[in-house]
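Here's the structure, in structure tokens; my notes come after.
Every read-out reported here was derived from the displayed coordinates using simple, explicitly stated rules and does not represent laboratory data. Predicted model, so just to flag it, every value in this text is computed and none were measured. Reconstructed Cβ throughout: ideal geometry from the backbone, glycine too, with neighbour counts over all protein chains shown.
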Amino acid sequence: MAARRTCLVVVAAALVAVCAAVSVAAQQPTRPQPLPSNYHIINPGKYKRDQQLACGDPNGNKPSCNAKCDKRCPNQCIVLCPGCKTFCMCDFYPGVSCGDPRFTGGDGNNFYFHGKRDQDFCILSDANLHINAHFIGKRNPSMRRDFTWIQALGIRFAHHRLYLGAQKTAKWSSDVDRLELALDDEAVSIPAEAGARWESAAVPGLSVTRTTAANGVRVQLAGVLDIMASVVPITEEESRVHNYGVTEDDSLAHLDLGFKFYDLTDDVHGVLGQTYRSDYVNQLSVSANMPIMGGAPKYVSSDIFATDCAVARFAGISMVTAKAY
């Protein structure tokens with residue numbers, strides 16, 4: 001009888017441990033996954049709107065196929081080979097910001113943050129990492145807000161400042177590079193060919209790789225962040241459908257972004273950053289067609305590199321950036 005009671009106690013304890021583990025796991029936000037090794041990016045040029053990518057299977061398990069970008073993302077898309085699975089970058093994984101900025105939070109939920117044109121907003125702020133976004137926009141007279149897009153990022157880590165931006169352009173061509181990069185106010189120059197790579201001599205673990213010959217890069221800071229960035233315009237069709245009012249003198253070139261972060265603390269904040277906290281509770285109406293995160297004033301920064309937003313956590317501490325991931 002005593003042995004039976006002992007067994008029951010052990011089983012009960014085990015069940016409690018399993019339930020506790022499940023409960024903890026349920027509270028953890030969904031973490032973004034890195035791009036798989038078999039990804040390719042199609043970035044159709046001005047005269048190549050029907051550009052396709054031939055996908056083969058080196059193991060011979062799947063037939064060869066041709067992939068092309070969906071009409072929802074005609075300027076750029078991600079293709080997984082073999083199988084020709086095609087994704088718009090904005091639909092690929094959490095930690096994304098696209099369009100009038102639609103974010104996918106660390107918890108996996110989509111939301112919009114409109115902000116205001118010609119202002120800077122704190123996207124993420126942690127003890128050793130701070131990211132601001134500069135917004136551009138257009139005012140629709142029939143609405144009480146601006147249409148806004150992210151034009152540039154100002155990234156602070158340790159005592160360094162990394163700028164990533166889209167240059168203003170009137171007539172858009174996918175073949176003309178409109179990306180601008182600078183580290184500590186020094187321009188970063190990378191050959192205009194897919195796969196070209198720049199590595200910083202001043203910052204161990206910092207590199208920029210072109211994902212396409214023009215307008216697409218992957219910024220990696222080992223153990224800290226991994227950003228996919230693409231410069232894209234507002235197309236005539238988008239402007240017509242959404243009444244953006246794009247004019248001939250400005251294509252409203254902006255950034256579509258994919259973020260992956262490493263070693264964030266549980267005190268992280270910012271428009272996107274807060275969604276990575278273990279205690280984050282999504283209070284937005286996720287069933288709405290357009291869940292909107294408000295509270296813009298607390299995210300406003302005085303400059304693209306300023307750390308003076310109300311929710312700032314950045315301490316500017318030094319850190320090791322040579323971790324393998």
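Counting neighbouring Cβ atoms within 10 Å and putting the fewest first, the residues SER301, SER207 line up as SER207, SER301.
Please find the FRET efficiency linking ALA54 to ALA201, where r is the Cβ-Cβ separation and R0 is fixed at 45 Å, and quote it to the nearest 0.05. Can you show the working numbers first?
Working: r = 38 Å, r/R0 = 0.84.
Calculated transfer efficiency: 0.75.
What is the distance, in nm, between label points placed 7 Å from the Cα along the Cα-to-Cβ direction at LYS116 and at LYS171? Roughly 3.6 nm, to one decimal.
With 10 angstrom as the radius, rank THR169, THR211 by how many other C-beta atoms surround their C-beta, starting from the fewest.
Details: THR169 16, THR211 21.
With the sparsest Cβ surroundings first, the list reads THR169, THR211.
By the beta-carbon count within 10 Å of each Cβ, the least crowded to most crowded order of ILE131, ILE155, ILE190, fewest first, is ILE190, ILE155, ILE131. Extension gain for the segment THR209 to ASN282, taken as residue separation times 0.36 nm less the Cα-Cα distance, is 22.8 nm to one decimal.
Legend: residue pairs LYS68/LYS260; LYS85/LYS168; LYS85/LYS260; LYS85/LYS116; LYS171/LYS298; LYS68/LYS116, Cα-Cα distance threshold 28 Å; pairs beyond threshold, LYS85/LYS168; LYS85/LYS116; LYS171/LYS298; LYS68/LYS116. In a fully extended conformation the segment linking ALA315 and HIS40 would gain 95.3 nm over its present Cα-Cα distance, using 0.36 nm per residue. Site pair ALA192 and LYS85 shows an inter-label distance of 3.5 nm when each label is modelled 7 Å from Cα along Cα→Cβ.
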